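The values are calculated or read from the model by the stated rules, or taken from the named source; none is laboratory data. Everything numeric here is computed off the predicted structure, so don't read it as measured data. FYI the Cβ positions are ideal-geometry reconstructions off the backbone, even for glycines, and counts take in every protein chain you see.
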Amino acid sequence: MRNRPEPPRTELPHEHDLGLAHDMSVMLSRRRALWIMGAVGTTSVAAACSSGTGTTAGSSAPAAAASTTAVAAAPQETAGPYPGDGSNGPNVLVESVVVRSDITGSFGSYTGTAEGVPVTIRLTLQDLARDGAAGKGMALYLWHCDRDGEYSLYGRNITEQNYLRGVQVADDAGQVSFTSIFPACYSGRWPHIHFEVYESLETAVAGENARLTSQIALPQEACEQVYDADAGYARSVTNLAEVTLPGDNVFGDGWDAELATVAGDPKRGMEISLTIGVAEKSANRAEGGPGQGGSPPERPAGGTGPGGAPPAGPPPGGGTSAGN
């Protein structure tokens, strides 16, 4: 019998994130239900996760086809208060031009380009409801903060930008690829990328019924390499020194299925890669849905977290959390 999945964790305000402690036994038990959804293969990501520290690979190449060994299921996570999927304010998913590979620039009626260290994000989807088969035809919506730690459509001075958001449809190997910039580290959160997986493009552009909502953690070594190389990430250097992966309010109870592998260098560009196990929708969906996240936080004094005014209307799911 499949264990009941844990409900998505609701993020706390940035100023409350630091100093969270997590008992190791709790970390293991909370992810037990997720791990039994797929046979765990021996991968470099799992090795990095078990040590609790990320590593930067010297080189990598995308696989020609999805692995025949099913990976662990990616856990359901909060979408946070800046999803741009219609669950908390604006909805970019109903824009036809949101289906794109290069997400560095704004689209539609908006113009502007996000600056930062270039990165290619390569993700491989495995359908755990079909014994780990390639997630061919699934649609993935991806978004993340810019070099200043702000989210387009919500962040201070960028409410009329929609860059660093886009949708791709998985190919025959279950792979999607985005051209973007390396995300910043803002106050109180470990560097991360958000995503939602939909059964099809038609479902995704309807802006509802995501099969999975989760987040990707970035390895510390790669983050330090990028932030030290580009002066535009200066605040990320300070913010990263004040957070830890075990202390993060999203990844702190386990990140085995969420820690990416990063290759490359800041001058020539980085490459982020991860294989994502997508469990059945019924196993991923929890009360309140994946769009909860509450009102955006106030910018901490001296901090560099996302700012800007909260979206109009009540927060989805009745949530009160402010992190993302």
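Some points to look at:
- Flag for residue 156 being touching a strand residue (DSSP E or B) at 6+ places or on another chain (Cβ under 8 Å) and part of a loop (DSSP other than H, G, I, E, B): no
- Each residue in segment 80-96 was checked for being of a type in the set (A, V, I, L, M) and modelled with pLDDT of 95 or more, and 2 pass.
- If the condition is being within 25 Å of residue 84 (Cα to Cα), in a loop (DSSP other than H, G, I, E, B), within 18 Å of the chain's Cα centre (by Cα) and of a type in the set (S, T, N, Q), then segment 200-248 contributes only 209.
- Hey, residue 184 closer than 19 Å to residue 251 by Cα, buried (at least 21 other Cβ atoms within 10 Å of the Cβ), in contact with a Lys or Arg (Cβ under 7 Å, 6 or more places away or on another chain) and modelled with pLDDT of 95 or more or not: yes
Table: residues versus (1) hydrophobic (A, V, I, L, M, F, W, C); (2) surrounded by fewer than 24 Cβ atoms within 10 Å (Cβ to Cβ); (3) within 21 Å of residue 236 (Cα to Cα).
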residue: 141; (1), (2), (3): no, no, no
residue: 147; (1), (2), (3): no, yes, yes
residue: 174; (1), (2), (3): no, no, no
residue: 178; (1), (2), (3): yes, no, no
residue: 189; (1), (2), (3): no, no, yes
residue: 193; (1), (2), (3): yes, no, yes
residue: 202; (1), (2), (3): no, yes, no
residue: 208; (1), (2), (3): no, yes, no
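- Candidate set from segment 98-148 (those that are touching a helix residue (DSSP H, G or I) at 6+ places or on another chain (Cβ under 7 Å) and more than 28 Å from residue 281 (Cα to Cα)); member that is modelled with the lowest pLDDT: 108
- On the stretch given as segment 225-242, residues that are of a type in the set (Val, Ile, Thr) and buried (at least 20 other Cβ atoms within 10 Å of the Cβ) total 1.
- Condition met for residue 240 (more than 30 Å from residue 283 (Cβ to Cβ) and either of a type in the set (Asp, Glu) or in contact with an Asp or Glu (Cβ under 8 Å, 6 or more places away or on another chain) (or both)): yes
- The residues on offer are 122, 100, and the sole one that is surrounded by fewer than 24 Cβ atoms within 10 Å (Cβ to Cβ), closer than 21 Å to residue 158 by Cα and among the charged types (D, E, K, R) is 100.
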